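The values are calculated or read from the model by the stated rules, or taken from the named source; none is laboratory data. This one's a predicted model, so the numbers in the text were calculated from it and none came from an experiment. FYI the Cβ positions are ideal-geometry reconstructions off the backbone, even for glycines, and counts take in every protein chain you see.
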Amino acid sequence: MTSPTPTSHATISVIGAGPGGLTCARILQRHGIAVSVYDRDPGPHARNQGGTLDLHADNGQLALREAGLLDEFFALARPEGQEMRLLDPDATLLSHQLPAPDELFKPEIDRGQLRDLLLGSLLPGTVHWGRALDSISGPAAGPRRLHFTDGTSIGTDLVIGADGAFSRVRPALSPATPAHTGISFLEARFSDVEDRHPELAELVGAGSAHAADGERALFAQRNSGNHIRVYIIRRVPADWLRTEGLAIEDTDGIRALLRDEFAHWSPRLQQMIFNNEGTYIDRPILALPAPHTWTPDPTVTLLGDAAHLMPPLGVGVNLAMLDAAELALALANSATVADAVRSYETTMLPRSTETAKALANGAAHLLSTALADFDSDSDKNSIGASSNRVGGEGV
């Protein structure tokens, strides 16, 4: 039988250079532990990283503190982005939350800015770009072997799957695959909004605006750089484009369909739907089964969406970064890799199971006409943070 691998001598491989994987690597390096990150993208700016995120004081910000990056985060973050407006389909303002001048519970930051912050904190050469994982081989006791689509392979003592909804690491632990929740988003983008879309800028304000009629909804969110992203939320099958005889490039056809669906909405809100720049982006909302657990493996583990993909209700990136911090600290404080994985999963799996069960049918909440209580933590998370996964990892 192979002896447990001492953490101090382990080869650690993180798959996925999203916020979770990079946070884990950063904290490991702060504790003097060597780590390599492998990502399928050809480079750090190969694609748009998506919209804005709100990092919470009780999870995402805790992880950044462990990473030694909290001050840098606050220098980039937008506390004013915590503003939240709730509207009815007539564009009547129903509720308005304005953050206090010193409110820092969940300030916003663009996903790309957060990724650049984390990337810049790592030792040169930590991230290996253009390395898409194909499969994992080797015994559960290790060492494992990572096989990449470019034909190369490497040996490793620990594989950390931080590679999102369609994780290539997950099959080594679990047969589970994401399923459609019955809700899909269409993303629409607007740039230079103060000059080109002043009515939209005024309607959304410095943060976010949400409106719903029970079957469909809009969630608009201010990004940095004078941009706004709007998410058109609908109860549709995952293949709705095919069943409607449309392609995502058919902007005029999609607009015609949406004009019928949103015909009774105020023209002030319809501008969010029909005046977008460029094509729409289809984002079906997926989730893993709840609970999602697996038989412990001393050489493979998961974090973030790879472990517990949930509907976009204020948990995604925050939980991924908390997972990352806890796993990195477990590795720093355990004698062997197996001990660290066991310690991490003992905390992570019950937490993610509890959260996933609570949110199992939560995607439909985004369509609800119920007036949100902005003093309620659950409503702050479900409405004010609904973009945690929109436009990026896990969608």
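Could we say that GLY214 is more than 22 Å from PRO311 (Cβ to Cβ), of a type in the set (Gly, Ala, Ser) and not in a strand (DSSP E or B) here? Criteria not met by GLY214.
Go through (1) part of a loop (DSSP other than H, G, I, E, B); (2) surrounded by fewer than 19 Cβ atoms within 10 Å (Cβ to Cβ) one by one and return the number of the condition ALA332 breaks. Failing condition for ALA332: (1). On the stretch given as the stretch 261-285, residues that are among the charged types (D, E, K, R), out of contact with any helix residue (DSSP H, G or I) (no Cβ under 7 Å at 6 or more places or on another chain), surrounded by fewer than 18 Cβ atoms within 10 Å (Cβ to Cβ) and not in a loop (DSSP other than H, G, I, E, B) total 1.
Looking across the stretch 74-90, just one residue is without any contact (Cβ under 8 Å) to a residue 60 or more places away in the chain and in contact with a Ser or Thr (Cβ under 9 Å, 6 or more places away or on another chain), and that is LEU76. Just one of the listed residues (THR181, THR177, THR152) is in contact with a helix residue (DSSP H, G or I) (Cβ under 6 Å, 6 or more places away or on another chain) and surrounded by fewer than 23 Cβ atoms within 10 Å (Cβ to Cβ), namely THR181.
Criterion applied to LEU28, LEU64, LEU70 was being at negative phi and without any contact (Cβ under 8 Å) to a residue 24 or more places away in the chain, and the one residue passing it is LEU70. Taking first residues from the stretch 189-201 that are touching a residue at least 12 places away in the same chain (Cβ under 8 Å) and partners that are in a loop (DSSP other than H, G, I, E, B) and small (Gly, Ala, Ser), the Cβ contacts under 7 Å between residues at least 6 apart in sequence or on separate chains come to ARG189/GLY278.
In the stretch 286-329, the qualifying residues are those that are among the hydroxyl-bearing types (Ser, Thr, Tyr) and assigned to a loop (DSSP other than H, G, I, E, B), and the one that is surrounded by the fewest Cβ atoms within 10 Å (Cβ to Cβ) is THR295.
Between ASP54, ASP39, the distinction of being under 17 Å from the mean Cα position of the chain (by Cα), of a type outside the set (Phe, Trp, Tyr), over 19 Å from LEU319 (Cα atoms) and buried (at least 20 other Cβ atoms within 10 Å of the Cβ) belongs to ASP39 only. When the stretch 171-224 is limited to residues that are among the basic types (Lys, Arg) and more than 19 Å from GLN82 (Cβ to Cβ), the one that is farthest from the chain's Cα centre (by Cα) turns out to be ARG196. Evaluation of LYS106 against the conditions (1) within 23 Å of ASP39 (Cα to Cα); (2) touching a Lys or Arg at 6+ places or on another chain (Cβ under 8 Å); (3) touching a residue at least 60 places away in the same chain (Cβ under 8 Å); (4) not acidic (Asp, Glu) shows that the sole unmet condition is (1). Can GLY164 be described as part of a loop (DSSP other than H, G, I, E, B), under 17 Å from ALA306 (Cα atoms) and touching an Asp or Glu at 6+ places or on another chain (Cβ under 7 Å)? Considered against the rule, which asks whether it is part of a loop (DSSP other than H, G, I, E, B), under 17 Å from ALA306 (Cα atoms) and touching an Asp or Glu at 6+ places or on another chain (Cβ under 7 Å), GLY164 comes out as yes.
Among all positions in the stretch 110-131, there is at least one residue which is in contact with a Gly (Cβ under 6 Å, 6 or more places away or on another chain) and not charged (D, E, K, R).
In the stretch 235-245, of all residues being surrounded by fewer than 18 Cβ atoms within 10 Å (Cβ to Cβ) and of a type outside the set (Ser, Thr, Tyr), the one that is farthest from LEU366 (Cα to Cα) corresponds to GLY245. Just to be sure, is GLU202 over 28 Å from LEU288 (Cα atoms) and assigned to a helix (DSSP H, G or I)? Yes: the conditions hold for GLU202. If I filter the stretch 140-182 down to residues being β-branched (Val, Ile, Thr) and closer than 30 Å to ARG216 by Cα, which single residue comes out as modelled with the highest pLDDT? So, considering only residues that are β-branched (Val, Ile, Thr) and closer than 30 Å to ARG216 by Cα, the one modelled with the highest pLDDT is THR177.
A single member of ASP102, ASP110, ASP71, ASP88 is within 17 Å of the chain's Cα centre (by Cα) and among the charged types (D, E, K, R), and it is ASP110.
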